[in-house]
Structures are given as structure tokens and as C-alpha cells.
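Contents: one structure, followed by commentary.
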Amino acid sequence: MSQAEAILKEAMTLSEAERAELAHRLFDSLEPEPAPNEVEEAWASEVASRVEEIRRGEVETVPWREAIEESRAFLRARRA
């Protein structure tokens, strides 16, 4: 049994009000998810920044096929 399962089993012995309070506290402990438009804006900014780096010659691009081959080789090595 995992630690989470053990804690859940113990929590299920609490009263409904205590479980609700526990659930509320656990939920509040999580970081909020960014709004979809915030994520889209952040990615748009990141893409624009990367394009500018390429235009200024600050980074070297890699051909798509080479990037895929390197990624596959990396994954194969991790699985081995």
C-alpha cells in the first residue's frame, strides 16, 4: 500500500465534516493552474523571444530530422 493510500484509508475514518476540512486544506495547498489565456500569452512571448534569438544569430538551429534522430537516440539510451 502506498503512503497516499494509507493516508486515504485513515482519512476515511474521519467524520464528513473533518474529511471536508481536510479536502479543503489539501486543495488549498496546490498551486493554482494558470488560466489558458495566460499560458497562450506566455508561449507566444517565448516563441517571439526564440525567433529573435535566431534572427540575431545567437542560437544555431538544428534540422528537424536531426532533432528527431537525436531525441529517439536519447530515449533509446534511457530505456536500455
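Summary of packing: across the peptides 27-34, 11-18, the per-residue average of other C-beta atoms within 10 Å ranks them, highest first, as 11-18, 27-34. Taking the Cα centre of the chain as origin and assigning +1 to Lys and Arg Cβ atoms and -1 to Asp and Glu Cβ atoms, the resulting dipole is close to 600 debye. Could you work out the mean projected area of the convex hull around the alpha carbons of the chain, in square nanometres to one decimal? Over all viewing directions, the chain projects a mean Cα-hull area of 10.3 nm². Here's the picture: charge each Lys and Arg Cβ at +1 and each Asp and Glu Cβ at -1 in region 36-79, and of Ala73, Asn37, Ile54 the one pushed furthest to the positive end of that dipole is Ala73. Could you compute the FRET efficiency for Glu66 and Ile7, with r as their C-beta to C-beta distance and R0 at 35 Å, rounded to 0.05? For R0 = 35 Å, the calculated efficiency reads 0.15. Counting pairs of Cα atoms in region 36-79, how many percent are more than 16 Å apart? Within region 36-79, distances greater than 16 Å cover 60 percent of Cα pairs. Summing Cβ point charges (Lys, Arg +1; Asp, Glu -1) relative to the Cα centre of region 36-79 gives a dipole of roughly 460 debye. When each of the peptides 66-74, 54-62 is scored by the mean number of other C-beta atoms lying within 10 Å of its residues, the order from highest to lowest reads 66-74, 54-62.
Bear in mind that the values in this text are calculations on the coordinates, not laboratory data. From a predicted model like this one, the values you see are computed outputs, not experimental measurements. Virtual Cβ from ideal backbone geometry, glycine too; neighbours counted across all protein chains shown.
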